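Structure first, commentary second.
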Amino acid sequence: MPESGHCKGMIDLHCHYLPAIDDGSQSMAESLDLARASVANGITDAAMTPHIHAGRYENLRSTVVSATHQFRVALADAKIPLQIYPAGEVRLTAEIIDMLEQDELPFLGTLDGYRIVLLEFPYNQIPLGTERLVRWLLDQQIRPLIAHPERNKVVLHNIERIAPFCEMGCLLQVTAGSVVGAFGQAAQDCAKLMFERRWVSVIATDAHNLLHRAPLLAEAKKWLQGQGWDDMADELTQAIPAKILGINAAHG
C-alpha cells in the first residue's frame with residue numbers, strides 16, 4: 001500500500017502490462033489486475049516496456065504506442081488511476097541500428113540531453129561487441145539504462161564486468177524483486193553492492209504477472225530505507241524516473 005506521509009507516488013520504468021504482446025500479461029483482464037496491484041503498491045506512473053526483440057517479440061515503437069493507447073482507454077474505463085507511457089525493453093541486437101534509422105526504437109524519455117533507452121543484455125552473457133554498440137548509441141546521444149544487470153549471470157559471477165558500462169555513462173536499473181530477495185540471495189547481494197557503489201539510477205518492478213512477478217516497488221523502497229539509504233530510495237523510485245519521463249514534480 002502507499003506509504004503514509006508520501007503524497008508523491010512512485011514511478012515504474014519497467015513492466016510488462018500490455019496484453020498479449022510478450023511474455024507478460026496475456027489478456028486485458030490480467031493487465032488491469034496488474035495495474036490495480038501497481039496502484040495498491042504506491043505506483044502512480046508506469047512506462048510500458050514490452051520486449052523489443054527481433055525474431056522473438058516483433059514489437060516496435062509504433063506498435064507499442066498503439067497498444068499503450070488501447071490500454072490507457074481500458075484503464076480510464078476501469079477507473080484505475082495509473083498513468084502510462086509507451087516505451088520498450090530493447091534486447092541488445094544489431095537490429096537496434098535499423099530501428100533507430102526507421103524511427104522505431106522506443107525511448108523512455110530524456111535526461112541531461114540524452115534520449116534514454118531501456119537496454120536488455122542476454123541473461124547468460126555480455127556478448128562480444130557490446131561495448132562498441134553502446135559507444136555507438138552514446139555517440140547518437142542515446143544513453144542506455146541497462147535492465148536488471150544484477151540478474152545477468154556474468155555480472156553475478158563478477159560485478160566488475162558491468163563497471164566499464166558505468167564508466168562509459170550507462171545507467172543501471174535494478175529490479176525491485178532482486179532488492180527484496182525474490183530472485184535469490186546472489187542477485188540481492190549483487191544489487192546491494194551496486195547500491196553501495198552508487199551505480200544504480202532506477203529501481204523498477206519488471207513485473208510480468210501477479211503469481212510470480214508482481215510489482216514490489218514499495219517493498220524495495222522500504223528495504224533501502226531500512227539500510228539507511230532514504231535519499232537513494234526517493235531518488236531511484238521517484239525523482240530520477242520522473243525526470244526521465246518528463247513528469248512535473250507536482251504531478252502525482
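Quick note: the coordinates plus some simple rules give every number you see, no bench work behind them. Keep in mind that what you see is a predicted model, and the values were worked out from it rather than measured. Heads up, the Cβs are rebuilt from the backbone with ideal geometry, glycines too, and the neighbour counts pull from every protein chain shown.
Worth pointing out:
- Each DSSP beta bridge with both residues in the chain is either parallel or antiparallel, and the antiparallel ones are about 15%.
- Rounded FRET efficiency, nearest 0.05, which uses the C-beta distance separating Leu210 from Gln70 and R0 of 22 Å: 0.60
- Cut-off under 5 Å, modelled amide H: who pairs with Leu13 long-range: Ala47, Thr205
- Remark: relative contact order (the range 106-252) = 20 percent; criterion is Cα-Cα distance under 8 angstrom and separation of 6 or more residues.
- Residues whose amide H comes within less than 5 Å of that of Ile43, counting only those at least five positions distant or on another chain, are Met10 (H built at 1.01 Å from N in the peptide plane).
- Of the peptides 75-85, 211-221, the order by per-residue mean of other Cβ atoms within 10 Å, starting with the highest, comes out as 211-221, 75-85.
- Taking the charge dipole of the chain about its Cα centre, with +1 at Lys and Arg Cβ atoms and -1 at Asp and Glu Cβ atoms, the residue from Met194, Ile244, Gly226 reaching farthest to the positive side is Gly226.
- The Rg/Rh ratio of the range 10-245, with Rg taken over Cα atoms and Rh as the Kirkwood radius over Cα pairs, comes to 0.94.
- Förster radius 30 Å - calculated FRET efficiency between Tyr123 and Ser27, Cβ distance, rounded to 0.05: 0.70
- Peptide packing for 117-126, 199-208 was compared via the average number of neighbouring C-beta atoms within 10 Å per residue; ordered from the highest value, the list is 199-208, 117-126.
- Each Cα pair under 8 Å and six or more residues apart adds its sequence gap; the mean of these over the residue count of the range 10-245 is a relative contact order of 21 percent.
- When only the Cβ of Lys, Arg, Asp and Glu is charged (+1, +1, -1, -1), the dipole of the range 124-228 relative to its Cα centre reaches about 80 debye.
- Under 5 Å between amide hydrogens, built in the peptide plane, is the criterion, and for Ala87 it picks out Met48 among residues at least 5 positions away or on other chains.
- With only Cα atoms counted, the range 12-110 has Rg and Dmax values of 13.3, 41 Å.
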